[in-house]
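The structure appears right after this line, and notes come after that.
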Amino acid sequence: GSRGEDELLAGLNPQQLAAVTYRGPALLIVAGAGSGKTSVLTRRIASLLRGREAWPSQILAITFTNKAAGEMRERVEQLVGEASRGMWISTFHSACVRILRREAEQFGFTKSFTIYDSGDSRALIKRLVKEHEADAYGLTPASVQSRISKLKNELQDSDSYARDANMSDPAEQKFVEIFADYQRQLRKANAFDFDDLIGQTVYLFRAFPKVADTYRRRFRHILVDEYQDTNHAQYALIHELTRPVSADDPSTGSGSGFEASNGMMIFEPETTPELEGASLTVVGDSDQSIYAFRGADIRNISEFERDFPGAKVVLLEQNYRSTQNILSAANAVIGNNFDRKDKKLWSDKGDGDKIVGFTGYSQHDEAQFVADEVEALRRAGMPYSEMAVFYRTNSQSRALEEIFIRSAVPYKIMGGTKFYERAEIKDALAYLIAVANPADEMSVRRILNKPRRGIGGVTEASIAQFAETHGITFRDALSVPAELGVGPKIQAAIGHLDAVLKEATALMLPASGEVPPPTVVADGLSLLLAKSGYLDALRASRDPQDEARVENLDEFVAVARDFARNNPEGTIADFLTEVALVSDADDLDDESGSVSMMTMHTAKGLEYDAVFVTGVEEDLIPHRISAGEPGGPQEERRLFYVGITRARKRLHLSLAMTRAQFGEVSVAMPSRFLQEIPAALVDWRQSPGDVNSRGGTQSRALNARRGGFGSGGRGDDRFGVKKLPPRDSLKPLATAMDRFPNKVTGKVRDNGDLELAAGDRIRHDDFGEGRVDAVTGEGAKRIAHVRFDSAGLKKLLIKIAPIEKL
Ligand code: ATP
Ligand code: MG
């Protein structure tokens, strides 16, 4: 081949080469972590373009995050140059939004539909649970939301579900009612929730075969990364897109139709197709399947060959990412899962450094170890951007953040308390949505009294009532304040809001013919925030939190300006789409000089020179919620496997003997996964035994509970390299919080002045739902005594606990 082709194929091993150059209808690449699956997918796209076998516009590649999509696009462009414009490389969700924005009018939505994230759905479901008085049947917003989501991922709707459900059970009846009402409300609001984005696209393709055919004609090569984590709806979407294009119009009845289990008609053309189905390439690793709890179905991989007969299967075995010590640890751990095909990864990078182990007295000690080690690596020349810290749950980041701030280690959190989930950002978004999609009642309701305008629940109800009686939208009712039966002051307030929205609409959605300037979204946003009085109210406040809120809003306007630069023709709907789809692993600012912190779920597909897996304790990894789930502990093991296989050169595993979380101090036990790693691979800076042998009542208690794991002081050189000075390890977190007030971090959960009283029901990120028994203490040290439905009695520091009032 040409010189370019040599470069494209250079350095590939024979299996990789086979995968890049194979041409046929279906290709499955299954292989362990770091074996080059994503790289092969990327080169395959480049090779199709280079050989002029495909136009860029004929390619649809699906990645797990928007960030991964960006990286893949960049890589392909490096390999083939500008010729790659017009490709679709995106997540399932982004691809579906693009399709729906074009086609939504086919089934009663408008192009400017709103996307509800899980917080939005939760708010709507909460209202419905209340209206349907469903709590009496044991239905909570959380349980209803997760059931609806699961069903949607199975492509079920309320009708199809009702057909199989036991409808003599009143709780089931209630659930079905709410499910149906929820869908009605979404439609009324011209909105899709996250699961709908996929499910409704599948529906669209099945209900409108002509529409589907245009996409089947367009996308001739479909490639999917991280295939092990696709759920049924995503699988169905791929299946629809790879169907042949029929020569006959199925809607005229020449094909044979049958009704699928979900009530949809599926047409099977009998005649020779006009065009064969697109070629499909999927890559995945069943050992890295970590989203079963969201409906991901590992069978999508194991049954690929059945679903796509004649598929070529390629196995990759050489790992190019990690040193042998890291790989051997990973192989040993995953080898304990019993329902898997054994595949041994190998590396020619040499043994490399040993894995470093560390046990802290408390999570603060552990965090200090991480920070010290980060600094040591930095001094040795490793950039911060090549280091990552992982944890199992978001709430674990707090102790790390405190120490990192004190040690002046720059860091960024990926996922976690998301920028777009902050109240002020959601308010700003609601203002934009009120302009872009006035049918979205929830957004209009949200801004009704933000900033405070004296519009309370009674007025809100009157507006809703008026809209209902006159058959107009909630938004339009705001235009006739004098007819709402409210006092003059409130009339004026409503009139003002209405005028501001109208002014912004005129600016952002000018009457036909006019072309708005590229900065229209940023300008409109600034206008809304200024004229509504929202910014003034924050500036006038003496709460230091409000200062941070103003900064966040500034940042948000800056995001809108960036958007204008990158999308000169972008509309407000495009902007809202982009914002709605920012996912866990996509952080806002991509500054390279900081350590990345994230959950192990978010870490999938990424790689770093140095990785710190923290909190390697029983009840965290494996997480206690997995204990009762069928397959739970095995899924946790896969998650741990994902975590450790992210490391190229250095892997650190750390834990704390005691963990103070939200006022509760508990004794932690080393994770069973640590014992699965051959001892010779680990260099313990401070082993569980070291901490154990320090004496004192606390240690004796630890000894008794831990049943001898890693009993210390053996004179083994794995142990006791570094001893910490004795310290007060059980310092209550409240003290730590006084030293590091939230104002400094700005990134962590802060409930501010959350009002709680005995009898309230709350939800905790880790412990689930519970009822407040009592509240004691004052100010920042107020403690809620909560009886959790399944986790027992806990004491929580209200200011910082990851809780919400129900
Ligand atoms: P994961 O399962 O974690 O998603 P993966 O199988 O997708 O991993 P990649 O991320 O594609 O693996 O590759 C891992 C690393 O190995 C990357 O840094 C990639 O550039 C490198 N790599 C892949 N193939 C080769 C090769 N043939 N020669 C050298 N380096 C390679
Ligand atoms: Mg990958």
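Coordinate-derived values only; no laboratory data. All values derive from a computational prediction rather than experimental measurement. Heads up, the Cβs are rebuilt from the backbone with ideal geometry, glycines too, and the neighbour counts pull from every protein chain shown.
Some observations on this one:
- Stokes-Einstein diffusion coefficient of the stretch 116-181, Kirkwood radius over Cα pairs, 20 °C, 1.002 mPa s, in µm²/s: 181 µm²/s
- Coordinate range along principal axes, alpha carbons of the stretch 496-655, Å, largest first: 58, 40, 37
- The stretch 453-514: GluC sites (Glu not before Pro) in DSSP coil with no more than 15 other Cβ atoms inside 10 Å: E514
- Distance cut-off 24 Å, percentage of C-alpha pairs in the stretch 417-520 lying past it: 27 percent
- Binning all Cα-Cα separations of the stretch 276-343 at 5 Å, short to long from zero, yields these whole-percent fractions: 3, 11, 20, 21, 19, 13, 7, 3, 1, 0.
- Calculated on alpha-carbon atoms, Rg and Dmax of the stretch 400-452 in Å: 16.5, 49
- Above 18 Å, the calculated P(r) of the stretch 170-238 contains 56 percent of its Cα-Cα pairs.
- The base-10 log of I(q)/I(0) for the stretch 459-511, evaluated at q = 0.17, 0.22, 0.26 Å⁻¹, reads -0.52, -0.78, -0.96 [Debye formula, identical scatterers on Cα atoms, solvent excluded].
- Taking a ≥ b ≥ c as the square roots of the eigenvalues of the Cα gyration tensor, the stretch 1-61 is oblate, since a/c reaches 1.5 or more and a/b is not larger than b/c.
- When only the Cβ of Lys, Arg, Asp and Glu is charged (+1, +1, -1, -1), the dipole of the stretch 441-583 relative to its Cα centre reaches about 460 debye.
- Inverting the pair-averaged 1/r between distinct Cα atoms of the stretch 1-105 gives 14.6 Å as its Kirkwood hydrodynamic radius.
- Computed on the Cα trace of the stretch 98-139, the radius of gyration divided by the Kirkwood hydrodynamic radius gives Rg/Rh = 1.21.
- The stretch 301-344: chymotrypsin sites (Phe, Trp or Tyr not before Pro) in DSSP loop, at most 10 other beta carbons within 10 Å: F338
- Dipole orientation for the stretch 277-393: of the candidates Y291, F390, I326, Y291 has the Cα lying most toward the positive pole (charges on Cβ; Lys, Arg +1; Asp, Glu -1).
- Eigenvalues of the alpha-carbon gyration tensor of the stretch 341-432, scaled by 5 and square-rooted, set the equivalent ellipsoid semi-axes at 32, 20, 15 angstrom, largest first.
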